[in-house]
Amino acid sequence: MAIIETTGLTKRFGESVLAVDDLDLTVEEGEVFGFLGSNGAGKSTTINMLLDFVRPTDGHAEVLGYDVHRDSEAVRERTGVLPEGFGLYERLTGRRHLEFAVDWKDADDDPDALLDRVGLDPDDADRPVADYSKGMQQRLGLGMALVGDPDLLILDEPSSGLDPHGIRQMRELVREEADRGTTVFFSSHILGQVEAVCDRHRRRPAGSRRRKVAVEVARRRTADRRRVRRRGRRVGLPGGRPAPGLL
Amino acid sequence: MTTTWRDVARKDFADAVRSKMVWGVVGVFVSFMGLLLLVAGAAFPSDVEVEAEMGLAFVAELAQLFVPLVALIAAYMSVVGERRSGSIRVLLSYPFTRFDVVAGKLVGRAVVIGSALLVGLVVTLGLAVVVYGVPEAGATLGLFASVLLFGLAFTGLGVGISAASATRGKAMAAVIGIYLLFLMFWEPIAAGVYYVLNGTRPGIQVEAWYFLLKRLSPIEAFRALADSIFEISIGSPVLLPVEDTAGATPEQLELANRVAGELPFYLSEWVLVVVLLAWGVVPAALGYLRFRDADLG
């Protein structure tokens, strides 16, 4: 079953900016799907359309079998999200954020277990988020996304702000979730990070030549990173030249 | 489906009640009131009997300036602030509708602003009791209720503007504009309309609809409500001589003496309550319509 399916998805901002152009995308159940593209390629806009934050100019998208606009609440009930460049509530503690997330997802997760999973110190959890570093906020955001054991995880640039150790933990978390059958859709502008999480991937520039939404498809269960690299190189942009900003 | 606007309201209350800005403005209001009450109390000669309700009327007079400030400051960032910080995308990654967000913000901020105003009122009431003695319960309750209603009206305006705005700057410009409009420009506008239709400035005797037009402003509505509670005319904070009433006695300026015949129903006190409630809800509803269709990229 397709978990994410877009057909001809297009978004224009004003007259001049074509952020996403005619994107056809299918993510199957259980896949770890890396969405690769340079900065400004339209990755976040695509994700924002899947979550109904931004409405498409043209085309159609379904997530978990629901229309992303008409049935957006149903989509978001079963989806955990780490948005790109997100903000938190600076006056509230990390623990309070997790408690709200548990409440809002109608879940029964233990905030302490979540803190442990994303590598946040319980002492830090009782401080207001205003004191958090970017990496700590990213960890908290990931913890909030994991609440309620979602069927689909959408992570927009999940490694931003994380140190190498944090990135490694993030990768392990994504694998754990995938092993539990969760479909993972994540974006990155760094090929190495996509490789690190995905076992096999395919990149193709979707849409027109003017705007490239490079797409990485990664299917789990083949764990040979070398092959990944080879394939990654081979399917560069037309002309055998890697897309700018990818490597 | 169990998440609703109540969850947004609960979150928003927990967050906004910790805002130092809101409590700062309330602190300024209370200190200012305290100072004025003490000065005013000292200004009366000791042989003059000062009614305790005078103290409350003072509070109401200053509330015209401060309540809109407290409410607009506490409300104007409610939605647009989350859009700018990106937390709106965290909030909306949970199964809320955009209606839940605006309705929850309205309720959450109304409770925060209501709490702040209550604390401010209780402290100023304490000061007023020290200076003027104990006022009667009816007037006290009337003041509390009308100030809270007044706060709600400007909360609705602030949340509505916030929901309709894409940037903090636009929201700020709009709330400053709204504050000045109702504080300074509403009466000239009403008088201008009267002039266009009748060819004269509003004098002592005026057609009744003119008062309705004036009272559509939340500040005017609150003042008219306070007037009827204290049975004295509390002053406008900004006096512009747009009405042709120079030399009139206070008695001539009473509403009943300025309108010929019986007062029409629309100048009853309950209409003032309806006006304030409408300001609390209608702008937020309009702001919601803008927010519903906005891209939150």
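Conditions: (1) surrounded by 13 or more Cβ atoms within 10 Å (Cβ to Cβ); (2) within 15 Å of the chain's Cα centre (by Cα). B:A164 meets all but one. Number of the miss?
(2)
Could you count how many residues in region A:111-137 are within 14 Å of chain B (Cβ to nearest Cβ) and among the basic types (K, R)?
2
Name the residues in region B:265-297 that are within 14 Å of chain A (Cβ to nearest Cβ) and part of a helix (DSSP H, G or I), would you?
The answer is B:R290, B:F291, B:R292.
Here are some residues: A:E31, A:E62, A:E77. Which one is touching a residue at least 24 places away in the same chain (Cβ under 8 Å) and within 15 Å of the chain's Cα centre (by Cα)?
Values: A:E62 fails: within 15 Å of the chain's Cα centre (by Cα); A:E77 fails: within 15 Å of the chain's Cα centre (by Cα).
A:E31 is the lone residue from the list that is touching a residue at least 24 places away in the same chain (Cβ under 8 Å) and within 15 Å of the chain's Cα centre (by Cα).
Can you tell me which residue in region B:98-111 is nearest to A:P150 (Cα to Cα), limited to those that are of a type in the set (V, I, T) and open to solvent by 10 Å² or more (accessible area, probe 1.4 Å)?
Residue satisfying both the conditions and the ranking: B:V107.
Look through B:E262, B:E231 and report the one residue that is modelled with pLDDT under 90, surrounded by fewer than 15 Cβ atoms within 10 Å (Cβ to Cβ) and more than 30 Å from B:A137 (Cβ to Cβ).
B:E262
Give me the strands (runs of 3 or more DSSP E) completely within region A:1-100, filtered to those with at least 1 residues that are within 11 Å of chain B (Cβ to nearest Cβ), ordered by residue number.
Values: elements: A:2-13, A:17-28, A:32-36, A:58-63, A:79-82.
Strands (runs of 3 or more DSSP E) meeting the threshold: A:2-13, A:17-28, A:79-82.
Which ones in region B:68-97 are open to solvent by 20 Å² or more (accessible area, probe 1.4 Å) and either farther than 20 Å from B:A153 by Cβ or in contact with a strand residue (DSSP E or B) (Cβ under 9 Å, 6 or more places away or on another chain) (or both)?
B:R83, B:R84, B:S85, B:R89, B:T97
Tell me which residues, restricted to region A:114-127, are open to solvent by 50 Å² or more (accessible area, probe 1.4 Å) and either assigned to a helix (DSSP H, G or I) or outside the structural domain of A:Q138 (by TED's automatic domain parsing) (or both).
So the first thing to find is which residues in region A:114-127 are open to solvent by 50 Å² or more (accessible area, probe 1.4 Å), and the list is A:116-117, A:121-123, A:126-127.
Matches in region A:114-127: A:D116, A:R117, A:P122, A:D123.
So, A:L140, is that one more than 9 Å from every other protein chain (Cβ to nearest Cβ) and at positive phi or not?
No, not satisfied.
The values are calculated or read from the model by the stated rules, or taken from the named source; none is laboratory data. Quick caveat: nothing in here was measured; it's all calculated off a predicted structure. Counting neighbours? That spans all protein chains shown, and the Cβs are built from the backbone with ideal geometry, glycine included. The area values use the complete protein model at the heavy-atom level, side chains included, leaving out ligands, DNA and RNA. Shrake-Rupley method; radii C 1.70, N 1.55, O 1.52, S 1.80 Å.
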